[in-house]
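Asks: My questions all concern the structure below.
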Amino acid sequence: MQSRRRIASFPAAAEMPISTLNTTPLIDVMLVLLIMFIVTIPIATHKVRVDLPNGAAVVTKPEIHELALDQAGRLSWDGAPLAQSALPDRLGAMHRDHPDALLRLRSDGLARYEDFDRLLAAVKRSGVDRLAFVGNEGFAAAIG
């Protein structure tokens, strides 16, 4: 009977604490890192050859023209009044003579949308592709 007590007093093997470290999560993390390195290293070593200019940089300032639309729908070119009928010719000449010229478009905040739309359509038809909108603070004053 005593032998039974002695055997019963020892904990079962399943109840014994495990004294070794579980390395499965460590191996999983290492495999994920290995895959990430395999995927990213070819991207980091990819090269694109670009021929850069040599010598001194030549900076030319583009010609800038300002086209303004006032509240009444009147146009002005660089501060001088411009008739609606003369606008296509003026834009075409600017685009033909100076293709790198910049057209700055200024519109009054209270100008009619139809006038502004007509003006943008004329600019688009002329082929001008360097266009900047200036004076947008006038729109905030008209709305607020």
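Asks: Scan the helices (runs of 4 or more DSSP H) fully inside the stretch 45-144 and keep the ones with 3 or more residues being at pLDDT 85 or above.
Replies: 87-97, 113-126
Asks: Checking the condition free of Cβ contacts under 8 Å to residues at least 24 places away in the same chain, more than 17 Å from G135 (Cβ to Cβ) and surrounded by 15 or more Cβ atoms within 10 Å (Cβ to Cβ), which residue from R90, R96 passes?
Replies: After applying the criteria, what remains is R90.
Asks: In addition: If you scan the stretch 51-94, which residues turn out to be aliphatic (A, V, I, L, M) and over 21 Å from D108 (Cα atoms)? Talk me through it step by step, then tell me what you get.
Replies: First pass over the stretch 51-94, keeping only residues aliphatic (A, V, I, L, M): 52, 56-59, 64, 67-69, 72, 75, 80, 82-83, 86-87, 91, 93-94.
Listed by number, the residues that qualify are L52, A56, A57, V58, V59, A93, M94.
Asks: Could you say whether any residue in the stretch 74-96 is under 26 Å from the mean Cα position of the chain (by Cα) and polar (S, T, N, Q)?
Replies: So the first thing to find is which residues in the stretch 74-96 are under 26 Å from the mean Cα position of the chain (by Cα), and the list is none.
Checked against the condition, which is being under 26 Å from the mean Cα position of the chain (by Cα) and polar (S, T, N, Q), the stretch 74-96 yields no hits at all.
The values are calculated or read from the model by the stated rules, or taken from the named source; none is laboratory data. Predicted, not measured: the structure shown is a model, and the values here were computed from it. Because the Cβ atoms are built from the backbone with ideal geometry, glycine has one as well, and the counts that use them run over all protein chains shown.
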